[in-house]
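Q: So that we are looking at the same thing, I have put the structure below in structure tokens.
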Amino acid sequence: MANLRTAMDSAFWDQPISSSQTLEGCAYSIPGDPFPLEVTRASKALRVQQLSLLGNGFPLGTIPSFSPTSTKDLGSFSLQSLFLKLTNHNGWLGLIGQFRPKKLISSIKGEFTNADEFEWPAFKDVAKHVFDKSIYSLGFFSQLSLSSSSVLLSTERHGDKRRPRYKMMLWHELPDHDITLEASWPGLFLDHKGKYWDVPESISLDMSSLPSKSGFRYRFGVHKNGGYPQPVNTLNGEVPCALMPGLCAKAAFSYEKSKDFWRHKDEIDDTAEKTDKGKVWRPFDMRLQEPHAAISGIIGGTSAAWFGGSESSPSTELHVDMDTSISTKKRSPLNADLFGSVCYTFQHGRFAKLYGDLTRVDARLDICSASSLAKRVYNIFRRSSFSNADNPLSSPKLSLILQQQVAGPIMVRVDSKFSLGSSSGKQGPHVEDLICSLSYSLRLLRSGKVVAWYSPKRKEGMVELRLFEF
């Protein structure tokens, strides 16, 4: 069923969201925003590992993606490829390149259109356009594994950007906990409106408990923002309070339970079929092999304390640079809140036959902030003129996930999110987000698939390899 743990992970700064804005293939959600759609969670496989496998199925090993840029002449379409990968038993090195063909094609077309004839100077101008650095991006990634620890170092440079990106990640496994240290210069974050923000310095240190049979889970950590956030590919906007400079200590807990109404358990005689060649025919995805109907829920709470920064400053307008004007609201130095989600899942079929063997629906209701919802209800009953509609957390969110087998391992999926109240100038229930995807399951990986998704709201899409996701 839908991963309810996003409810607690959304309270921290290191929840990865799939994004084609970086060669790494991910950005991060922002604490204080509504829970992101399930399909937006980044793949568990690193981008270098994805391209290494995906390159075998695409012409010349190039994988397409779409992402808006600050200059329209570059276009949204780009091609990525893995140029180099060196591996050993302790780690690997990888080099990813990206090319945006629109500007090059239009420039070459313009040169020969304006030229009277095919002369040598025209070809020299074409070479100049080929070496235009703005159409290229390059990323270097490395990972080193030592016993129960792993370190990831990366840097990437986009030709149309002024500054490179640097990132360091450290994972350490304990018997019952995971410790994660992340540092980015700058850190890329995605808000609920589909806008990206660059935070000059973003450092997080977290400890989280491993999932337990009881369903109880907790997490705590500290986060530091350095420098003022800047909008990416836009000139103005309202900065999320969670991205403003300062040091934050945060703790969260959650309790999760699920109950089956009915479930058809996997039986060897039903799902394993022998062909004429003696091979065994099994489901395309082991996580989708049991038809069932179930309900699950999660409830939890968060608390945070901010130190330094602008927690006590009034609403103000910040001029980040000569061309950008952004505003921010007051941030409370201390806050605590409750959240909760409930999800109903229905699945028909085992995803093993060639046709008509999978139809699945997940309906999830999220209460992102109990305090914001309570204030909204209180104001309604008081018939107060004060409106809490501008707070995106004050309305319950309904997420629907529809999955349908097309043929064999090919499946179409639609993720949508509805706000059940008025918000941001929209009256009544309305659609907040929608993402469409097409996937091809890889039976040899047991629960792996190639996913191509597109987000109309963000106007971007990409092809990914995902492992062990429903």
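Q: Please pick out the residue among 414, 342, 361, 377 that is assigned to a strand (DSSP E or B), without any contact (Cβ under 8 Å) to a residue 24 or more places away in the chain and open to solvent by 10 Å² or more (accessible area, probe 1.4 Å).
A: Being assigned to a strand (DSSP E or B), without any contact (Cβ under 8 Å) to a residue 24 or more places away in the chain and open to solvent by 10 Å² or more (accessible area, probe 1.4 Å) holds for just one of 414, 342, 361, 377, which is 414.
Q: Right, next: Go through segment 150-163 and give me each residue that's surrounded by 14 or more Cβ atoms within 10 Å (Cβ to Cβ) and farther than 20 Å from residue 208 by Cβ.
A: Across segment 150-163, the qualifying residues are 153, 154, 155, 156, 157, 158, 159, 160, 161.
Q: Just to be sure, is residue 41 among the basic types (Lys, Arg), in contact (Cβ under 8 Å) with a residue 12 or more places away in the chain and within 22 Å of residue 452 (Cα to Cα)?
A: It is true that residue 41 is among the basic types (Lys, Arg), in contact (Cβ under 8 Å) with a residue 12 or more places away in the chain and within 22 Å of residue 452 (Cα to Cα).
Q: What are the residue pairs meeting all of these: first residue in segment 128-145, first residue farther than 11 Å from residue 103 by Cα and among the hydrophobic types (A, V, I, L, M, F, W, C), second residue at pLDDT below 90 and open to solvent by 40 Å² or more (accessible area, probe 1.4 Å), Cβ atoms under 8 Å, and 6 or more apart or on different chains?
A: As it stands, the answer is 144/90, since those pairs meet every condition given.
Q: Only one of these is of a type outside the set (D, E, K, R) and touching a Cys at 6+ places or on another chain (Cβ under 7 Å): 177, 223, 172, 192. Name it.
A: Details: 177 fails: touching a Cys at 6+ places or on another chain (Cβ under 7 Å); 172 fails: touching a Cys at 6+ places or on another chain (Cβ under 7 Å); 192 fails: touching a Cys at 6+ places or on another chain (Cβ under 7 Å).
Only one candidate qualifies: 223.
Q: If I ask for residues that are part of a strand (DSSP E or B) and in contact (Cβ under 8 Å) with a residue 60 or more places away in the chain, which ones from segment 198-229 would you list?
A: Taking segment 198-229 first, the residues part of a strand (DSSP E or B) are 198-199, 201-209, 216-226.
Selection gives 202, 204, 206, 217, 219, 221, 223, 225.
Q: Hey, could you check segment 263-288 for residues that are open to solvent by less than 40 Å² (accessible area, probe 1.4 Å) and either in a loop (DSSP other than H, G, I, E, B) or polar (S, T, N, Q) (or both) and say which is modelled with the lowest pLDDT?
A: The selected residue is 271.
Q: For segment 1-28, give me each residue that is farther than 22 Å from residue 251 by Cα, touching a residue at least 24 places away in the same chain (Cβ under 8 Å) and open to solvent by 10 Å² or more (accessible area, probe 1.4 Å).
A: The answer is 1, 21, 24.
Q: Now a separate question. Given the criteria among the acidic types (Asp, Glu), modelled with pLDDT under 90 and either part of a loop (DSSP other than H, G, I, E, B) or crowded, with 19+ Cβ neighbours inside 10 Å (or both), does residue 73 qualify?
A: In short, no.
Q: Then there's this: Right, residue 366: charged (D, E, K, R), surrounded by 14 or more Cβ atoms within 10 Å (Cβ to Cβ) and closer than 24 Å to residue 253 by Cα or not?
A: On the way: charged (D, E, K, R): yes; surrounded by 14 or more Cβ atoms within 10 Å (Cβ to Cβ): yes; closer than 24 Å to residue 253 by Cα: yes.
Taking the combined requirement at face value, the residue satisfies it.
Q: Which residues, taken from segment 164-188, are surrounded by 15 or more Cβ atoms within 10 Å (Cβ to Cβ) and among the aromatic types (Phe, Trp, Tyr)?
A: Correct list: 171, 185.
Q: Among the residues of segment 129-142, is any in a strand (DSSP E or B), surrounded by fewer than 19 Cβ atoms within 10 Å (Cβ to Cβ) and among the polar types (S, T, N, Q)?
A: Within segment 129-142, one or more residues are in a strand (DSSP E or B), surrounded by fewer than 19 Cβ atoms within 10 Å (Cβ to Cβ) and among the polar types (S, T, N, Q).
Q: Within segment 72-91, how many residues are out of contact with any Phe, Trp or Tyr (no Cβ under 7 Å at 6 or more places or on another chain) and touching a residue at least 60 places away in the same chain (Cβ under 8 Å)?
A: Residues in segment 72-91 being out of contact with any Phe, Trp or Tyr (no Cβ under 7 Å at 6 or more places or on another chain) and touching a residue at least 60 places away in the same chain (Cβ under 8 Å): 1 in total.
Q: Can you tell me which residues in segment 417-443 are touching a residue at least 24 places away in the same chain (Cβ under 8 Å), open to solvent by 20 Å² or more (accessible area, probe 1.4 Å) and either touching an Asp or Glu at 6+ places or on another chain (Cβ under 9 Å) or not in a loop (DSSP other than H, G, I, E, B) (or both)?
A: 424, 432, 433, 436, 438, 440, 442, 443
The values are calculated or read from the model by the stated rules, or taken from the named source; none is laboratory data. The structure displayed is predicted, hence computed values, not measured ones. Backbone-built Cβ (ideal geometry, glycine too); neighbour counts: all protein chains shown. Side chains included, ligands, DNA and RNA excluded: accessible areas come from the protein's heavy atoms. Shrake-Rupley method; radii C 1.70, N 1.55, O 1.52, S 1.80 Å.
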